[in-house]
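Worksheet: one structure, shown below.
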Amino acid sequence: MSLNAQIPADDAAPIAGSAAAPTFAYPASDRSGPTETHFGIRVADPYRWLENDVRGDVKVKAWVDAQNAVTDAYLDTLPGRDVLKARMTKLMNFERFGVPRKAGSRYFYTRNDGLQNQSVLYAQDGLAGARRVLIDPNTWAKDGATALAEWAPSDDGSKLVYAIQDGGSDWRTVKVLDAATGKMLDDEVKWVKYSNLSWAGDGSGFYYSRFAAPAEGQAFQSTTSNQQVWFHRIGTPQSADTLVYETPDRPALGHSAQVTDDGKYLLITSSAGTDERYEMHVLDLGTPGAKPKALVKGLENNWELVGNVGARFYFLTNKGAPRQRLVTLDAARPKAAPVQIVPERTDTLVGASMVGEKIVLAYLGDAKSEAEMVTLDGKPGGAITLPGIGTAAGFGGKAGDPETFYTFSSFATPPTVYRFNTTTGEASVFAQPRVAFDPAAYETLQQFYPSKDGTKIPVFIVRKKGPMPSGGAPTLLYGYGGFNISVTPSFSATKLAWLEQGGVLAIANLRGGGEYGKAWHDAGRLQNKQNVFDDFIGAGEYLIAQGITAKDKLAIEGRSNGGLLVGAVVNQRPDLFAAALPGVGVMDMLRFDRWTAGRYWVDDYGHPDKEADFKALRAYSPYHNVKPGADYPAILVTTADTDDRVVPGHSFKYTAALQAADIGAKPHLIRIETRAGHGSGKPTDKIIEESADMYAFIGKWTGLKIDAVEK
């Protein structure tokens with residue numbers, strides 16, 4: 001069926017309720033919202049009032065409370081939920097470390113002893129020094145929902161700037177402390193969002209990006225515009241900060257600032273949306289009164305700074321190379337063409353960093369990490385052997401110092417931290433967790449299946465070793481498919497609890513992601529977005545055809561853009577799935593650009609106010625395409641009241657539409673977390689609670705037998 005054929009001529013079918021009595025006792029949802037005409041198409045929006053902020057709207061708050069009461073009562077009946085929660089708690093209870101950062105002679109890293117709601121930041125003087133607590137965010141809030149977000153040590157390691165995230169919000173408050181004593185300084189910077197923190201080379205202050213303070217009551221919903229780069233000098237109030245860069249004539253641009261390792265330059269990178277299409281300006285920090293000068297004009301290509309040698313800047317870019325290459329630009333001659341150092345190849349170049357006298361290159365080969373080194377002129381510099389199929393992350397460092405750290409993890413292997421020397425090529429374990437299960441008991445296979453148009457799509461299949469049960473096993477299929485984001489092997493203690501019970505985990509690398517470079521991304525966005533849904537449906541059909549699972553045993557999960565994915569494919573193929581978990585999803589594709597970060601997403605989704613984009617969006621928008629008369633799978637929608645990335649109104653409206661429609665007797669519920677946001681900063685106990693609810697829910701509807709695990 002073509003996209004246009006899915007667009008109804010009026011507002012009657014997609015979201016109107018059926019006259020039939022509901023089979024589940026859902027709370028009432030007022031249907032007084034408007035019907036509007038866009039490009040000749042009438043569109044009903046009966047639940048628009050659910051867009052209002054739950055903190056300020058009594059009616060929305062009452063709806064949320066009523067929905068949670070119904071959902072909680074149902075979840076309490078699920079067999080095995082307590083077993084899953086207990087097992088997830090035990091599986092999560094292992095020591096885990098973040099990638100260390102070296103500054104001066106000090107090492108800084110996060111560590112969680114297992115069940116701490118928030119990881120603690122430690123400092124260590126030298127490799128042999130004793131670690132000491134520098135910041136413990138677990139002391140910040142009784143509910144554990146205030147988190148340590150971005151942080152950065154000064155070059156000499158004497159000070160640390162860090163950001164506080166409260167309740168999962170994207171807003172940050174920035175503070176500074178003395179890294180030797182742990183003493184807090186008086187500095188405080190507010191209304192920071194979508195910002196990195198970068199120290200001046202001499203440690204006198206730091207650069208950051210911020211917006212104007214939002215209007216009263218609009219902090220969690222208002223769109224953001226006119227982001228500015230500022231410099232904060234240590235020991236002064238925020239009111240004395242220096243404005244470094246802004247584009248008031250182009251308020252849609254966002255800006256980030258990064259000081260080069262030698263402290264001589266400030267690189268300002270600007271973008272208009274989520275696409276990796278950047279403009280760049282360079283500020284010579286050694287010249288008093290200097291102004292930022294254009295290095296790259298036009299929002300056309302990706303440019304990621306790798307390092308510099310004087311005015312010679314190394315970048316990873318997709319200019320002339322859809323799977324990316326390594327080039328240099330001359331900051332003293334900005335009009336000169338890029339000079340190629342490492343050409344594009346079959347695997348996708350996804351990261352690069354200058355460490356010592358080498359450059360570490362990170363590649364994705366069929367969504368699996370690979371790494372190698374080259375010299376500064378691009379010649380082979382040595383191999384980096386990774387432990388197997390998995391994901392390597394880290395490799396930060398500086399020119400002149402060969403020491404770097406990275407983590408390696410996979411589906412059944414928690415992250416191990418390695419210390420690596422780029423001169424000798426030697427790797428050693430810095431931190432390795434002890435876990436309450438046997439990683440060797442699980443296997444990971446990668447297979448390829450045809451999508452609707454014949455494109456081969458990779459899928460990872462993770463399961464316990466041993467024969468497959470006759471008729472297949474309960475299977476959880478996960479996907480994302482958007483924003484050039486690659487889904488690579490990673491460890492999840494909560495998903496391992498599913499695997500322990502005999503469930504299968506499948507992860508499909510859909511178009512729209514970044515696994516195979518720019519062309520792969522382009523094939524799954526804008527007018528091509530239907531390819532993503534076809535890829536995911538194809539994954540389900542493949543798993544069934546291979547005998548891995550069956551229709552009555554297949555559940556799907558996705559979050560954010562993946563929540564949109566789940567909502568869309570359930571509407572398109574409700575017969576294919578037994579259960580669905582759409583999390584924090586973008587569900588109203590006609591109004592997504594009206595809140596917080598939504599305006600950035602037009603790069604992937606298109607503009608609702610442009611006719612061609614509107615028609616494509618209208619064709620798959622989960623909220624607008626619920627199909628009365630179809631037999632839908634069991635659905636548990638999840639969101640959070642403080643999500644100011646994808647505002648919870650998306651999930652509220654979608655849930656109301658599901659519950660109003662005659663779509664079968666299975667439950668269609670919503671779980672609304674409090675004091676949580678889009679995902680980052682969520683406390684460990686909330687992660688366990690939510691995951692136990694979700695997997696007990698799909699376990700119920702896929703026939704997973706949940707037994708206690710004695711280990």
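For the reader, a short list of remarks on this structure follows.
- Leading residue at positive end of dipole, segment 593-645 (Cβ point charges), from A616, G629, V602: G629
- Mean Kyte hydropathy of -0.5 or more with a Cα span along the axis of at least 24 Å, helices from DSSP in the chain: 58-75, 684-702
- Summing charges over all other residues whose Cβ lies under 13 Å from the Cβ of D113, with Lys and Arg as +1 and Asp and Glu as -1, gives +2.
- Relative to the Cα centre, the charge distribution of segment 521-594, modelled as +1 at Lys and Arg Cβ and -1 at Asp and Glu Cβ, gives a dipole magnitude of about 180 debye.
- Label-to-label distance, L115 versus S680, with points set 7 angstrom from Cα along the beta-carbon direction: 2.8 nm.
- Extension gain for D57-V309 works out to 85.2 nm (0.36 nm per residue, less the C-alpha to C-alpha distance).
- Sum of side-chain charges, R573 neighbourhood, beta-carbon under 12 Å (Lys, Arg +1; Asp, Glu -1): -1
- Extent along principal axes [Cα atoms of segment 124-206; Å; largest to smallest]: 35, 27, 21
- Sites listed here are GluC sites (Glu not before Pro) in segment 667-711 whose DSSP assignment is loop and whose Cβ has at most 14 other Cβ atoms within 10 Å: E710.
- For segment 418-568, a Kirkwood hydrodynamic radius built from all Cα pairs, placed in the Stokes-Einstein relation at 25 °C and 0.890 mPa s, yields a translational diffusion coefficient of 147 µm²/s.
- Area projected by the alpha carbon convex hull of segment 651-699, averaged over all directions, nm²: 4.2
- Computed with every protein chain present, the accessible area of T37 is close to 90 Å² [probe 1.4 Å].
- Computed helical MRE - 222 nm, the chain, DSSP H runs ≥ 4 contributing -39500 (n - 2.57), nearest 500: -5000 deg cm²/dmol
- Kirkwood radius and radius of gyration were both taken over the C-alpha atoms of the chain, and their ratio Rg/Rh is 0.95.
- Local electrostatic count at T638 - Lys and Arg +1, Asp and Glu -1, tallied over other residues with Cβ under 9 Å: -1
- Trypsin sites (Lys or Arg not before Pro) within segment 349-445: DSSP coil, no more than 11 neighbouring Cβ in 10 Å: R434
- The trypsin sites (Lys or Arg not before Pro) found in segment 259-352 that occupy coil by DSSP, while having at most 10 further C-beta atoms within 10 Å, are K335.
- Difference of contour (0.36 nm per residue) and Cα-Cα distance, K464 to A665: 69.1 nm
- For E443 and D631, the difference between the fully extended length at 0.36 nm per residue and the C-alpha to C-alpha distance is 64.2 nm.
- Unsatisfied cross-links (Cα-Cα over 28 Å) in the set K456/K529; K452/K615; K319/K529; K90/K456: K90/K456
- Antiparallel DSSP beta bridges within the chain, as percent of all bridges there, nearest 5: 85
The values are calculated or read from the model by the stated rules, or taken from the named source; none is laboratory data. Every value quoted in this text rests on a predicted model; they were computed, and no experiment measured them. As a convention, Cβ positions derive from the backbone with ideal geometry for all residues, glycine included, and neighbour counts pool all protein chains shown. Accessible surface is based on the protein model in full, side chains and every heavy atom, while ligands, DNA and RNA are left aside. Shrake-Rupley method; radii C 1.70, N 1.55, O 1.52, S 1.80 Å.
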